[in-house]
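The values are calculated or read from the model by the stated rules, or taken from the named source; none is laboratory data. Owing to the predicted nature of the structure, the values given are computational and were not obtained by experimental measurement. Note that each Cβ is placed from the backbone with ideal geometry, even for glycine, and that neighbours are counted across all protein chains shown. Accessible surface areas use protein heavy atoms only, side chains included; no ligands, DNA or RNA. Shrake-Rupley method; radii C 1.70, N 1.55, O 1.52, S 1.80 Å.
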Amino acid sequence: RDLPGSGAAGATAAGLLAAIGGRIESGIDLLLDHAQFDAIIGQVSYVITGEGRLDSQSLAGKTPIGVARRARLHRVKTIAIVGALAVAETDLRQAGLWAALPILIEPMSLAESIAHSADLIERAALRLGHLLSDR
C-alpha cells in the first residue's frame, strides 16, 4: 500500500506485483518508449498535447506533463490545449509546459462546452496556429 503507483488507480498493478512479481512503471513513459518518442522528437519544433482540465492532479504526472517533461529533455517546447486551466503559469513552466491554451473563450456550462467541444478545440488549434506562424 505504500508503494508508489499502487494507489487507487494502481490497485491492479499492486496486486500483480504481489502475486507474480511484476513491476510498476510510469504509463506515459512506457507508451513514449514504445512509440520511440526520443528517436522522433528531434524532427519537431513543438509538441502539442491536450487535457480536459489541467490542474494540480495533472501536474502530479498525467499524460501532458509526462510528454512535456520528456520533450523538455530534448529542448522541444510543449503546448497543451485544455478544456480548463486551473494552475498558475509558474507551475506550468516548472512542470515542463511552455504554454497552455484553454478552449473556452467565454463563460459556458460544462454541458455546453461538451456539446461544442469539437468546434472549441478547432478554434483553439487555429489560434495556436496563428501564434506559431508569427514566430
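Computed quantities for the displayed model
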quantity	calculated
Test: residue in the stretch 116-129 that is surrounded by 12 or more Cβ atoms within 10 Å (Cβ to Cβ), assigned to a helix (DSSP H, G or I) and among the hydroxyl-bearing types (Ser, Thr, Tyr)	yes
Candidate set: the stretch 10-41, residues that are modelled with pLDDT of 90 or more and open to solvent by 50 Å² or more (accessible area, probe 1.4 Å); chosen: the one nearest to LEU97 (Cα to Cα)	ASP38
